[in-house]
Structures are given as structure tokens and as C-alpha cells.
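What follows draws every value from the coordinates through simple rules; no lab data is involved. Predicted model, so just to flag it, every value in this text is computed and none were measured. Quick reminder, even Gly has a Cβ in these numbers, built from the backbone with ideal geometry, and neighbours come from all protein chains shown.
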Amino acid sequence: MSAVSESQKFDITDINLAQKGHARIEWAEREMPVLRLIRERFAVEKPLDGVRLVACAHVTTETANLVRALQAAGAETVLIASNPLSTQDDVAASLVADYGVSVYAIKGESTDTYNRHVRTALDSKPNLIIDDGSDVVATVLKERQHQIADLIGSTEETTTGIVRLRAMESAGVLKFPAIAVNDAQTKHFFDNRYGTGQSTIDGIIRATNILLAGRNFVVVGYGWCGKGIALRARGMGANVIVAEIDPVKAIEAVMDGFRVMQMNEAAKIGDVFVTVTGNRHVIDSQHFAAMKDSAIVCNSGHFDLEINLDSLREISGEPLNVRPFVQEYKVKDTGSRIIVLGEGRLINLAAAEGHPASVMDMSFANQALSAEYLVKNKGKLTAGVHLLPKEVDQEIAHLKLHSLGIQIDRLTAEQIEYMTSWETGT
Ligand code: ADE
């Protein structure tokens, strides 16, 4: 039965998808025990009572469970998509119909609609922003500086968003505290590595149904996401090649057992390419020109600028839609075909369902606790980028271990004393 109220505003694909979305949200919840515990505590303590909150996130079953925790805490939440292609329309419908949330998110929305949704959400005059990629915060700083006075702070989910926040901080324009959720260990060690690792392979396979065994699989960027993708592609029997600009990460890739080479070389031999650098045009015209016929190209970084699709269109014309999330470009000069997945947007969320709930459990525990931390410390934190305190990270890890039924040892008093003294040596 629909709980939509007269005053509730939303812009979604189809409210009739709510029942399917509801069942999937509950399915994800089974894998999110840490977030469930937080929600149960929030329901009693109401740490976000009266707070107006805008969450900009991939609208997935896992995000729905984060929103449930925020609502239980007393926040009035507006949810918008953090990417035009990542929304799960059934989840958006259920959040509106079953949980009374104002959702503005439509799978496949245009960039204009995406931007309109950001502005509509900001019209709710938020006190807190949960951002994924920093588009909402950037819009406040560029167009709505008068709303800064309403803001207690913001939280940021992803590496790309934190790079942007630090640039804002350096430029002296970030006028409120922003918690770098991505930098918590219980976030990036697991979400970026195992979450992106699994969901990217999932997206490629769902889109194409190709066999990975024996293919030359090029991972462009060896940060936490690249590490996870390389690890999982190897697990599927692919020959993994890494391209990287950071010399330390490149050595890591070598010693992790991967071939490392420049993109110009990798372009000639790759069968599948995945970009996860957070940077612009890491696959560009010279690479397309060198690629084998039917090379598959996709991206799992936050923004759709890693693959230079404009340059590909210039040498090949408009693409053919081969199957959902699969477009074929035919290079005019050579006749070779380049297959682009998910229009160069995050393939793990465009063609699959994003990271599994079990890792998002920790990421979103960090988000929920960051929101609480900002409100508890209202007026006490300086403007700029902050980490969530280490104890919170440790607490999330303890809760996760507990939920997995795993006990670990604790330091003895003698060991604590040893670790905090310097006299004892050889
Ligand atoms: N980012 C990556 N995977 C996600 C998921 N399942 N939900 C929300 N954000 C995500």
C-alpha cells in the first residue's frame, strides 16, 4: 500500500515499481547488519532530529537502507541520483511509496535533468549534504553561497569527490566542514577494492556475456579500485595488464604479479579495457587508433570523462546500439570496431547493481555516523576536509567482525605497555 503523502514531491520513472523495489531493499538489508544496528540506535536516540538532509548517491538498494537509517534518526531526507545511469527505478519507487522519501532520480536521465534535480534538492534548504562526487557541494559554492549559512557540513563518498573537496579547500572556498568518508579504512579498503573489483566484472559480464579467461584485460589506474578489478579479473583467468602513472603504484602492480606498460603499448594488445583513474581522457584517439578489432572499452571511475568518446565519434561517426549498454563504433580509416560499454559511465552501476550490500554496509555505516558526528559537533569543526575519528572506523570494523561471527584478540596490558614505551630494545 502506498504511503505517498499529498505534500511529498518526487520525480521518478514509475511508482508502480515499488513492490519489486521494496523486496530488493529488504534483501539487501540482510547483508547490512552494521547499518541495521545503527538504524536501530538512531530510531531511539534521534541524533538527526529536525535536520534537513540532501543525499546525492547512486539510488540502489544499499542507498535505500542508508536513507532508512537517516530517516530513523529524524532527518528529513531528499534523495537525488549521483549519476544519470545508476538509478534503480524500482528502488526509487519504493523509497517514495513505502518510506515517504522525496526522490528525484530516473535511470537514463539527461544531464539537464540531473542538474535540475540537484537544484530542486537544494531548494529544500539542507543543513547536511551527503555527496558522491561533490556535485551538490560544488553547486552550493558556485551558485548558492547564501545557503552556506544553513549548512552544518557535508560528507563525501568517493575518491573523486575528495579530490574536488581538497581543491575547494586549497582555493579557500570550502566554508564548512566536510567529512572524507572515502578515506576511512573501513570504506576504501573494502568498497573500493572488493566492491569495485566484483561489481565491475559483474557489469562487464552482464553487458556482454563474454568469457574473460584468456583475454588481455587492461586496467588503467592502480588505486584501490584498480587493484580490486585486477585481482578479480585474474581470478576469472584473464591476463591482466596495468597502466599507471604513479611509479610506486606501478611497482606494486609489478610485485602483485601483473604486466605493467604504457597505454600506447597496452592499446595494441588489450581485449578489454577498464579505466579507474579519476582523470580525463586516459583512453584517447591515439589509443583507439591502435586497438584491435572489437576491443571492449569501459569505465568504472566516478565521472564519464576517462574515455574520450568525442574523439572516438570523430574518427568513427555515431555508434550502433548492439544490446543494452553496448555500443559499437566503427573506425572509418581501418574498419575496426570499438565496443563501448555503458556510454563510458560507471559500468558497475550502469549494467550491474553496484557494489554488493556487504561492503556498502561499512561504507554507509561511515556515512550515517559521519552525519551524526557533524551534528554532534555543530559549530566546533573548522571549515575544510576532515576524517572521521579513528575510533569510529575501528568500531565499524569490530561490528562487522561481530556480525560475521569472528572474534579477534585484544592487546594484553603487558603488550600495551610495551607498545607505548621506548626503553626496551635489543
Ligand atoms: N557505489 C558503488 N556501489 C554502490 C551501491 N551498491 N550503492 C550505492 N553506491 C554505490
Among the listed pairs Lys20/Lys378; Lys142/Lys378; Lys9/Lys142; Lys107/Lys400, those beyond 29 Å (Cα-Cα)
Lys20/Lys378; Lys107/Lys400
Between Glu244, Glu306, Glu157, which gets the highest mean-square fluctuation from a Gaussian network model of the chain, Cα cutoff 10 Å?
Glu244
Do you know the Lys pair count in segment 194-345 for C-alpha distances under 20 Å, with sequence separation 8 or more or different chains?
6
Need the C-alpha centroid separation for segment 272-310 versus segment 186-265, integer Å.
14 Å
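Within segment 1-36, report the GluC sites (Glu not before Pro) that DSSP leaves as loop and that have at most 12 other Cβ atoms within 10 Å. If you can, show how the numbers build up before the last one.
Values: sites: Glu6, Glu26, Glu29, Glu31; in loops: Glu6, Glu31.
Within segment 1-36, the qualifying GluC sites (Glu not before Pro) (loop, at most 12 other Cβ atoms within 10 Å) are Glu6.
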Taking neighbour counts of Cβ atoms within 10 Å as a proxy for exposure, in what order, fewest first, do Ile406, Ile38, Ile296, Ile416 appear?
Ile406, Ile416, Ile296, Ile38
Starting at the first residue of segment 235-251, write each ³J(HN,Hα) from the Karplus equation 6.51 cos²θ - 1.76 cosθ + 1.60 with θ = phi - 60°, in whole Hz, x for Gly and Pro.
x, 8, x, 7, 8, 8, 10, 10, 10, 8, 9, 8, x, 5, 5, 5, 5
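Rank these for me by crowding, Val44, Val218, going from fewest to most other beta carbons within 10 Å.
Values: Val44 9, Val218 30.
Lowest count first: Val44, Val218.
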Per Stokes-Einstein, at 4 °C and 1.567 mPa s, what whole-number D in µm² s⁻¹ belongs to segment 119-209, with the Kirkwood radius over Cα pairs as the hydrodynamic radius?
90 µm²/s
Can you give me the pair-distance distribution of the chain, C-alpha pairs, 20 Å bins, whole percents?
26, 55, 19, 1
Could you order the peptides 320-328, 135-143, 158-166 from most to least packed, using the average number of other C-beta atoms within 10 Å per residue?
158-166, 135-143, 320-328
Between segment 8-50 and segment 342-369, what's the alpha-carbon centroid distance in Å?
15 Å
Ranked list, fewest to most other Cβ atoms within 10 Å of each Cβ, for Ser86, Ser94:
Ser86, Ser94
